[in-house]
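The values are calculated or read from the model by the stated rules, or taken from the named source; none is laboratory data. Quantities reported herein were computed from a predicted structural model and do not represent experimental measurements. No Cβ is skipped: glycine too gets one built from the backbone with ideal geometry, and neighbour counts run over all protein chains shown.
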Amino acid sequence: MVIEDSVEFDPYGLDGKTYGIAYHTEDVKAAALTAEMTLNRIVSDKMIVRRDILDNSGNLLVAPDKDIVEWTFKCVEGNNYYI
């Protein structure tokens, strides 16, 4: 399958951008979407949530002893993306 280089309509402005993907439900626990390459699968890495003490602007998601995988988005049409 060939993915074209340009997309006319990118409703969320994500095309070509790279982000870590995390899930948080106003609790002290959270999870990040991570690729586990040795087992060739996607897993959920547990994280904890702490207040941002530097400027009190919100919460920080902390993944102890791990780096969160960053995913690059490619808009294929409308609101459909490959990551």
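Tell me which residues, restricted to the range 10-54, are among the β-branched types (Val, Ile, Thr) and either in a strand (DSSP E or B) or free of Cβ contacts under 8 Å to residues at least 24 places away in the same chain (or both).
Thr18, Thr25, Val28, Thr34, Thr38, Ile42, Val43, Ile48, Val49, Ile53
Which numbered condition trips up Asp52, out of (1) within 26 Å of Pro11 (Cα to Cα); (2) at pLDDT below 75?
Result: Asp52 fails condition (1) only.
Exactly one of these conditions fails for Asn59: (1) touching a Pro at 6+ places or on another chain (Cβ under 8 Å); (2) modelled with pLDDT under 80. Give me its number.
(1)
What is the one condition in (1) aliphatic (A, V, I, L, M); (2) part of a loop (DSSP other than H, G, I, E, B); (3) at pLDDT below 75 that Ile68 does not satisfy?
Of (1) aliphatic (A, V, I, L, M); (2) part of a loop (DSSP other than H, G, I, E, B); (3) at pLDDT below 75, only one is false for Ile68: (3).
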